[in-house]
Amino acid sequence: MADKKPLRVAMIGYGFMGAAHSQAWSVAPKFFDLPLRPELAVVVGRDAERAADVATRFGWESSATDWREVIRRDDIDLVDICAPGDTHAEIAIASLAAGKHVLCEKPLANSAQDAILMAEAAESALAAGVFAMVGFTYRRVPAISFARELVRSGRIGTLRRVQANYLQDWLVDENAPMTWRLDKTRAGSGSLGDIGAHAVDAVQFITGQTVSSVSGTLHTFVAERPLLGEGIGLGGTASDERGTVTVDDSALFTARLSDGALASFEATRFATGRKNAFRLEFSGSTGAVSFDLERMNELEFYDGTDAAGERGFRRILVTEPEHPYAAAWWPTGHGLGYEHAFSHQVRDLVLDIAAGRQPEPSFADGLQVQTVLEAIERSAASRSEWTTV
Ligand code: SOE
């Protein structure tokens, strides 16, 4: 690896995504033969002490508190944005203008308006060989990538029905404290943009179709929550003051896809007992595929062309060397985890940058998801009263 040209990375933000991205930048070069050598140059965060601790813990060469200064450094090639959605547009646009490649966590932005500005900035930067990618990482879970191969190769026939449910339950306790994810000015929306965005992107990625029309409902079950106590990290104990939740707790929406299939979506943080159940099912004229992130190494496949008495959903363990990304890791049957998709994301991004290719999903792809989310918000806002039975 020593002879490879370095790719010097600055990561902005150091929470859950900061940890996942740090691990990916360190691990990916160990399991994939990359044409550039990622170097963890600097981690940037508002709290100097915490940034220094993250640098030590995750192997960043240094830490800093001023992202504007960092993105101007000549020894930085790529900016990895792992901070809340309200920071994405300003940091990404400035970084691209400074000639830095950008990897930006999902959702791309908190509004379609910001996403348009980001997509325009990425388009301009492309001419100078500067690339941008949005981090819809689930595309790179082997079973989701394999589901795409099956659906796109016609193994389930004509797609008719899609069900996409992203189910979590970390807010079921009404005393779970306020975090930035519950503040519209920081997060843009609640379950809709945080996990609903994953569902929209995954459905479009797997089917190759886009969402053309939607009808949606957004709902907040718990309107006030305790504020976080001073100096306590995410998920710490709460103070006795309360704050107003300004985002949705649950999003329910139906959609038409561009080739006519009918889709139903749910994104919620109130699915009691479901911890991170991102469930996808695609039903076609001759078969079906079904996935659950809580069983992420498996894909269920129904082949309607099997002999009549032998048809049924078969459980495929997606750990064979023939499966996407699997050959780089462990022998068949040993399985991968949530974090591996982030290493796959680094692999694909570095390969694309070295080859001078636009990485996917692009900022234009991120903008398209944002327009779907805003259509759902418009639908939910315009919805006439429900039809009383
Ligand atoms: C929400 O809790 C969340 O952390 C999302 O923000 C991530 O994108 C998802 O991968 C896991 O759940």
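Of note:
- In this structure the amide hydrogen of residue 210, modeled in the peptide plane, comes within under 5 Å of the amide hydrogens of 258, 259, none closer than 5 places in sequence on its chain.
- Using the alpha carbons alone, the radius of gyration of the range 244-302 stands to its Kirkwood radius in an Rg to Rh ratio of 1.05.
- Spherically averaged projected area of the convex hull of Cα atoms, the range 6-135: 7.3 nm².
- 5 angstrom amide H check on residue 8, placed H, neighbours 5+ away: 39, 77, 78
- For the range 164-213 versus the range 1-71, the gap between their alpha-carbon centres in whole angstrom: 26
- Mean Kyte hydropathy of 0.0 or more with a Cα span along the axis of at least 27 Å, helices from DSSP in the chain: 363-382
- Note that the chain, at 37 °C in a medium of 0.692 mPa s, gets a Stokes-Einstein diffusion coefficient of 150 µm²/s from its Kirkwood radius over C-alpha pairs.
- The chain - mean residue ellipticity at 222 nm from DSSP helices (-39,500 (n - 2.57) per run, n ≥ 4, rounded to 500): -9500 deg cm²/dmol
- Sulfur and carbon atoms: percent of accessible area, the chain [1.4 Å]: 50
- Average accessible area per residue (Å²) across the chain - probe 1.4 Å, nucleic acids and ligands excluded: 44
- Highest average packing first - 347-357, 93-103, Cβ atoms within 10 Å: 93-103, 347-357
- Mean projected area of the convex hull spanned by the Cα atoms of the range 140-336, taken over all viewing directions: 13.2 nm².
- Cα Rg, Dmax, the range 247-389, angstrom units: 19.3, 59
- GNM result for the chain, Cα springs below 10 Å: residue of 120, 294, 49 fluctuating most strongly: 49
- As a ratio to 2.2 N^0.38 Å, the alpha-carbon radius of gyration computed for the range 122-232 takes the value 1.40.
- Under 5 Å, built H, 5+ apart or other chain: amide partners of residue 190: 248
- Sequence-ordered 3J(HN,Hα) estimates for the range 74-81 from the Karplus curve with 6.51, -1.76 and 1.60 and θ = phi - 60° stand at 5, 8, 10, 10, 9, 10, 10, 8 Hz, glycine and proline given as x.
- Per-residue packing, averaged as other Cβ atoms within 10 Å, sorts the ranges 132-138, 259-265 into the order 132-138, 259-265, beginning with the highest.
- Restraint check, 30/106; 184/275; 30/184; 4/100, Cα-Cα greater than 28 Å: 30/184
The values are calculated or read from the model by the stated rules, or taken from the named source; none is laboratory data. Model, not experiment: these values are computed from the prediction. Ideal geometry is used to build each Cβ from the backbone, glycine not excepted, and the neighbour counts take in all protein chains shown. What goes into the accessible areas is simple: the full protein's heavy atoms, side chains included, and nothing from ligands, DNA or RNA. Shrake-Rupley method; radii C 1.70, N 1.55, O 1.52, S 1.80 Å.
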